[in-house]
Amino acid sequence: MVVVAAASQEILKPHLAIEGGHALGGTLRVSGAKNSALVLMTAALLTQEPVELCNVPALTDIAGMCSILESLGMRVSRRGDRITLVADQLNGSEPPYELVNSLRASFFSIGPLLGRLGHARVPLPGGCRIGARPVVEHIKGLKALGAVVDVRHGVVTASIPGQRNRLKGAQIVLDCPSVGATETILMAAVLADGVSTIENAAQEPEVQDLAGLLNSMGAKIKGAGGPLITIEGVASLHGSRNYSVIPDRIEAGTFLMAAAITRSRLHVAPVIPEHLSAVLQKLRDCGCKLEIEGDGLTITPGDIQAVDITTQPFPGFPTDLQAPFMALMATAKGTSVISEKIYENRMQHVGELQRMGASIRLDGSTAIVEGVPLLGSAPVTGSDLRASAAMVLAGLSASGTTQVSGLKHLDRGYDNIEAKLTSCGAQINRHNG
Ligand code: EPZ
């Protein structure tokens, strides 16, 4: 009886019921990039004038960021995929710990708050399931720019000594190409006196997108997207109209893998191919044909063969697509070796894939995946945003109906994933428990 109770408990949690084995077809639309939109929203703190973003995805993380920015006194209005942000009445308060802890990108607001107001108090973002996620590089960069930074009782307090309330340009070398640290330092340096450089900068497209918005606001940034970024400080920044967020390369990669795991020919758009070159190469290596068509890509999977991946900072294979790719490799021919080099604890989806019959041996953060012909349905849980996406992919290909819970993670990063997949032929129903 206990087993039945446990199983029924599983089914009661909010979940997606995914009936596997259906081919996908048509076009899967990609939304604006979560990891760009979130940081672009914090950049609006740097000016009193309106900043208008479009192509903003409808995600719980975006709603969370709106709340955090409003708690700082920013006026935020949303109409469809457009968000208008006006920071002309900042109240100098500290964003609430529980919000910062759940939304890491809000910590990056310490850079623009410091640059704009001359002081900032932001709670330390906790670690999360995938790793400790320190912010040492962010703090080192702010100190190099002349800020006094104190970390006490879980709160980071930063201020600019003296009367001028302006940071000083500096030459900064990052120990690791941290995306968040690069973005935090960029947003602090744009209003500093003099020139700053960031060496060993993160090269992710989202960093480039942030520099694009800041330059549209009057900043003078060169080299974003490469390892050396130069920022010439300016006196102030003006607003920006109609800045469009780049397409989400991680969502696009997830959808391409959904096509591959269901052996479906699918069009995914919009996609900027150079934002995904390492991923596209691995999809070709494992037997998929990829053609550029209009503003997107058409994928035609062949007989999926096992290939190895190692996650790296951009332009290497992105850690955020490691779990979805492992789901694909679980049904490939042969054995693949998947090494996670960015986070120390990002293999929690292995156990859930094993519940569906995947044959995976884990050695630290290296998984040896022996492909099986067919996964079987089971109640499974996504432990983080991308692990949840991996379970959806596994459910699309498995025999039977898979219940995927952990939807609060999924809804953080995927804009209406079941509606998008269902519109292309998937059989998915959301049960709110
Ligand atoms: C961004 O996180 C993304 N989040 C993450 O996406 C993504 O996985 C990550 O970049 C890497 O691409 C947002 O942009 C909101 P990092 P971020 O600082 O900036 C180490 C998702 O699923 N590190 O580049 O926090 C750190 O421990 C999320 O959408 C230091 O050692 O990532 C980690 O191992 C998950 N010291 C590695 O760098 C530091 O001071 C990458 O971290 C900072 C980071």
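Every number in this text was worked out from the coordinates using simple rules, so none of it is lab data. In this text, all values refer to a predicted model and were calculated from it rather than measured experimentally. Every residue, glycine among them, receives a Cβ derived from its backbone with ideal geometry; neighbour counts consider all protein chains shown.
Segment 358-413: D in µm²/s via Stokes-Einstein (Kirkwood Rh, Cα pairs, 37 °C, 0.692 mPa s)? Present the calculation step by step, with values, prior to reporting the outcome.
Values: Rh = 12.1 Å.
Translational D for this selection: 272 µm²/s.
So what are the three principal axis dimensions of segment 34-244 from its Cα atoms, in whole Å, longest to shortest?
41, 36, 35
Identify all lysines with a Cα-Cα distance to Lys282 below 18 Å; exclude those on the same chain that are fewer than 8 residues away in sequence.
Lys333, Lys341
In whole angstrom, how far apart do the alpha carbon centroids of segment 336-393 and segment 210-273 sit?
So the separation of the two Cα centres works out to 28 Å.
Run the numbers on the chain and let me know its relative contact order in percent, using alpha-carbon pairs under 8 Å that are six or more apart. All intermediate terms of the calculation are to be shown ahead of the outcome.
Details: 1060 pairs, mean separation 89.8, N = 433.
So the answer I get is 21 percent.
Have a look at Ala201, Leu99, Ile417 and report the one farthest towards the positive end of the charge dipole of the chain, computed about the Cα centre with Cβ charges (Lys/Arg +1, Asp/Glu -1).
Leu99
With only alpha-carbon atoms counted, please give the Rg and Dmax of the chain, in Å.
When restricted to the Cα atoms of the chain, Rg and Dmax are 22.0, 72 Å.
Could you check the simple spin-label distance between Gln171 and Thr60, using points 7 Å along Cα→Cβ, in nm with one decimal?
Each label point is offset 7 Å from its Cα along the Cβ direction, giving 4.6 nm.
Net charge around Asp303, counting only other residues with Cβ within less than 10 Å of its Cβ (Lys, Arg = +1; Asp, Glu = -1)?
Values: positive: Arg263, Lys333; negative: none.
Counting the neighbours of Asp303, the net charge comes to +2.
For Glu293 and Lys341, what does the FRET efficiency come to when R0 = 30 Å and r is the distance between their Cβ atoms, rounded to the nearest 0.05?
Details: r = 33 Å, r/R0 = 1.10.
In this case the efficiency is close to 0.35.
Between Thr230 and Arg75, what's the calculated FRET efficiency when r is the beta-carbon distance and R0 is 35 Å? Round to 0.05.
Working: r = 33 Å, r/R0 = 0.94.
Rounded to the nearest 0.05, the efficiency is 0.60.
With the crude spin-label approximation of a point 7 Å out along Cα→Cβ, what separation in nm comes out for Leu90 versus Glu274?
In this crude spin-label approximation the distance works out to 3.3 nm.
Relative to a virtual label point 7 Å from the Cα of Ala419 in the Cα→beta-carbon direction, which members of segment 33-47 show backbone nitrogen distances below 18 Å?
Counting backbone N atoms under 18 Å from the label point, the list is 33-34.
Mind ranking 26-38, 209-221 by how tightly packed they are, going by the mean number of other C-beta atoms within 10 angstrom, highest first?
Working: 26-38: 23.7, 209-221: 20.5.
Top to bottom by mean Cβ count within 10 Å: 26-38, 209-221.
Per 0.36 nm of contour for each residue apart, how much would the distance between Cys128 and Ser216 grow if the chain were fully extended, relative to their Cα-Cα spacing?
Stretched fully, the Cys128-Ser216 segment lengthens by 28.3 nm.
With Cβ to Cβ distances under 9 Å as the rule, what net charge do the other residues near Ala158 carry (K, R +1; D, E -1)?
Values: positive: Arg121, Lys143; negative: Asp150.
Spelling it out: positives minus negatives among the neighbours equals +1.
Ranking request for peptides 187-199, 411-423, 225-237: highest mean number of other beta-carbon atoms within 10 Å first, then the rest in descending order.
Numbers: 187-199: 22.6, 411-423: 19.6, 225-237: 17.0.
Taking the mean over residues of other Cβ atoms within 10 Å, the ranking is 187-199, 411-423, 225-237.
State, to one decimal in nm, how far the label point of Asp303 lies from the label point of His119, with both points 7 Å from Cα in the Cβ direction.
6.9
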